[in-house]
Each structure stands twice: as C-alpha cells, then as structure tokens.
1. Pairs, please: C-beta under 6 Å, at least 6 apart or cross-chain, first residue closer than 17 Å to residue 47 by Cβ and in segment 329-350, second of a type in the set (A, V, I, L, M) and open to solvent by less than 80 Å² (accessible area, probe 1.4 Å)?
2. Suppose we filter segment 161-175 for residues that are in contact (Cβ under 8 Å) with a residue 60 or more places away in the chain, over 14 Å from the mean Cα position of the chain (by Cα) and in a helix (DSSP H, G or I); how many remain?
3. Look through 40, 5 and report the one residue that is touching a helix residue (DSSP H, G or I) at 6+ places or on another chain (Cβ under 8 Å), open to solvent by 30 Å² or more (accessible area, probe 1.4 Å) and assigned to a helix (DSSP H, G or I).
4. Looking only at segment 46-60, count how many residues are outside any loop (DSSP other than H, G, I, E, B) and surrounded by fewer than 22 Cβ atoms within 10 Å (Cβ to Cβ).
5. Scan segment 284-298 for residues that are open to solvent by 10 Å² or more (accessible area, probe 1.4 Å) and touching a residue at least 40 places away in the same chain (Cβ under 8 Å) and jot them down.
6. Name the one entry in 303, 333, 277 that is within 19 Å of the chain's Cα centre (by Cα), open to solvent by 20 Å² or more (accessible area, probe 1.4 Å) and not charged (D, E, K, R).
7. Across segment 243-256, what is the total count of residues that are aliphatic (A, V, I, L, M) and surrounded by fewer than 24 Cβ atoms within 10 Å (Cβ to Cβ)?
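The values are calculated or read from the model by the stated rules, or taken from the named source; none is laboratory data. Only a predicted model underlies this, so the values are computations on that prediction, with no experimental measurement involved. Methodologically, a virtual Cβ is constructed for each residue, glycine included, from the backbone with ideal geometry; neighbour enumeration extends over all protein chains shown. For accessibility, only protein heavy atoms count, side chains too; no ligands or nucleic acids. Shrake-Rupley method; radii C 1.70, N 1.55, O 1.52, S 1.80 Å.
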Amino acid sequence: MDRYPYILGCLLGTALGDAVGIRREGLSRQRATRLYGGQPLRPDLIFGRGFCSDDTEHTQIVGRALVMSGRDAAGFERELARQLKRWFLTLPPGIGSATTRACIRLLMGFRPDRSGVFSAGNGPAMRTALIGVCAESDGEMTELVHRCTRVTHTDPKAEEAALLVARASRLRVNGAGSEPLDALKLFAENVAGAELNETLIHAVSALIDRKTPQEFAASQGWSEGVSGYVNHSVPAALYCWAYSPNDFRRCVENAVLLGGDSDSVAAIAGAICGANLGSEALPTDWLQRLWEWPRTLRWMEDLAGCLAGRPTNNGRREPPSMYWLATIPRNLLFTAVVMGHGFRRLLPPY
C-alpha cells in the first residue's frame, strides 16, 4: 500500500486544523462566535491567509526525526530532542508550560529520557498522529509514541492519549477498515485511565444518539471551550472526527467551534481525519489560503515523500531542512500578528 497520500493527508490535515483554529484559540465558543461569526470557517489569521503554530511544527519535527533515525526508537528520541532544542531557540510563540520547561531542561544537558516534566497537557497528542501513519507495526508505534511523549511529558495520561491519536490515525493504512465508532468502542475497552475510559464511553453513547460535537461537549461540561488537558482535548478531537469522518471541512469546523484550545483540538482532529481520508480529500480552497513559510506546501510534500520512501522533488531522499534561521523572523512576525489579535479581543462585542 502506498502510504504517501495518507502521510501527506496527516501533515496537511494538521496544518489546516491548526490554521483554521488559531484565530479563535483561547476564546469561549460564545465569545469567538460574537467576534468572528460562525460557519463557514477558513484559515484567515491575517489578510485572509492562515498561519500555523507549534502543533504543525511539532508534527513536522516528528516527521524529520522519523526519517533521520530510520525509525530506530532510540535514534528517533535523540533526534527529536535535538530538533526540539533548535525549535525552542527560534522563539516560537504560545508554547505550553510543560514543553517550555522540558526544552529548557534539554538545553541544560538533560538526556531525552529525563527531560520531560509531569504534565498531562496535549503537547504529545498534537504530534503523534504522524507516528500512527508511518509505523510498520502496532508495537513499533507504541514504542515510538512512548519515546515521543516522555521527551516533554511524563504523566501516563499524556502518553495514553497520544497513543489513542496514533491508533486512530492508522486505521486506513492498517487495512482494517474499521469504522470510527467501532474504533472508539475498542479504544474505550482498552484504555487504563478511568477518566479517559469514562469520557470515551460517553462519546460512544453520544455518537450512537447522533449528538452534535457541541452537544457532546456540553454534556461533558465543556460549554465554555475545551481545555488543553488531554482527557478533554483528545476525546473532543476524536468525537469531531468520528462524527463526520468523511467530511474533512466539517470535522475541523466542528472542532474549532467547540472553543477553548481550538487550534490544538482542530489540529488533532484534522490530522486523524486527513490521515484516514488522504490528501486528495482536503479542501483545495483552504490549502490555497495556507500562508506558511519557510515550510511551504511543497516542503510538506517533500517530507511526506521521504516518509513514504519516495524521492523528493529535488530527487533526494533526505528530509527537507527546517530552515531554523529563517524561522526566527517568521516567528517574530507571527508573534506580532497574534499580539494584534490579543489586543482586538479587549474590545467589544463581549
């Protein structure tokens, strides 16, 4: 099976979910709607164009680490840690506290297996969908997710949720043909965490009753928005995907309209949906609005080609560079844009 369209679908799906959700990140569902309106949504952070945040960058870093390590677990962990240190030095805005502390520990010389901090934030979950699409076996996937998680987060809840994202993303490439509802039932039966288990059981019941993602969120007490806690963000993303698994646009819009940590929830949902549908199913008008540099759409196609074992557009099999120095001015511009949106939020309508 040619994995290229599914790997590319995961990369682009992450980027689109991230870019559509970032404008409303941190706002309640009601306030975001009053400020920016409802559907249809699009990537439109500035001048009608979309930017991506750390959700996309971490997925890209994971992809490069997989290629450069040949998917050797120990080598992958070392390469991931090395790239996270470089990424942190490019002044990325809006980093979670756990990831910040872990990157500082890495820069201080902590080993990757000792750099993580005890946190159940969604940092690992937002970057492990790609592992699910690329891993050759469930065992390899589990080991890679474990190492990918512990570099920044050591709470078992973070790893369990990240593993669910990877498993959901590999349904199509596994050839199992499982329906999302069946997959969620299986996930609920096998998770160890009582809180996550209970939330997934509620999700399955709500899907059977065809409750909308907003209705499911309200039933869980997330009416004001979904937090960055993995036992909230990952079930929310899984629900949006399972509710409309064959409609990428609707999946991402539903995730964004839940409010709260909208870019990360939408990035996770978009990654899972894109990984199972493939790149051809992604909305072209959204892709045309994606204003990403220096890691452009062509850059992501090159990375997907490397991960799928194809020559890249320049005929080489090496992953494309992250262009770290060029990323610094990009991040400064991005920070200025985000701060501008922050000041706008101080004004009505409230």
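1. The qualifying pairs are 337/46.
2. As a first pass, look at segment 161-175 and keep what is in contact (Cβ under 8 Å) with a residue 60 or more places away in the chain: 161-162, 164-165, 168-173, 175.
Restricting the remaining residues to those that are over 14 Å from the mean Cα position of the chain (by Cα) gives 170-173, 175.
Those still in the list that are in a helix (DSSP H, G or I) too: 171-173.
The total comes to 3.
3. 5
4. Here the count works out to 2.
5. 285, 287, 289, 290, 291, 292, 297
6. When all the criteria are applied, what remains is 277.
7. Residues that pass the stated criteria total 0.
Yes/no per residue for (1) of a type in the set (Gly, Ala, Ser); (2) touching a helix residue (DSSP H, G or I) at 6+ places or on another chain (Cβ under 6 Å); (3) closer than 16 Å to residue 74 by Cα; (4) modelled with pLDDT of 95 or more:
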residue: 103; (1), (2), (3), (4): no, yes, no, yes
residue: 107; (1), (2), (3), (4): no, yes, no, yes
residue: 124; (1), (2), (3), (4): no, yes, no, yes
residue: 131; (1), (2), (3), (4): no, yes, yes, yes
residue: 135; (1), (2), (3), (4): yes, yes, yes, yes
residue: 139; (1), (2), (3), (4): yes, no, yes, yes
residue: 144; (1), (2), (3), (4): no, yes, yes, yes
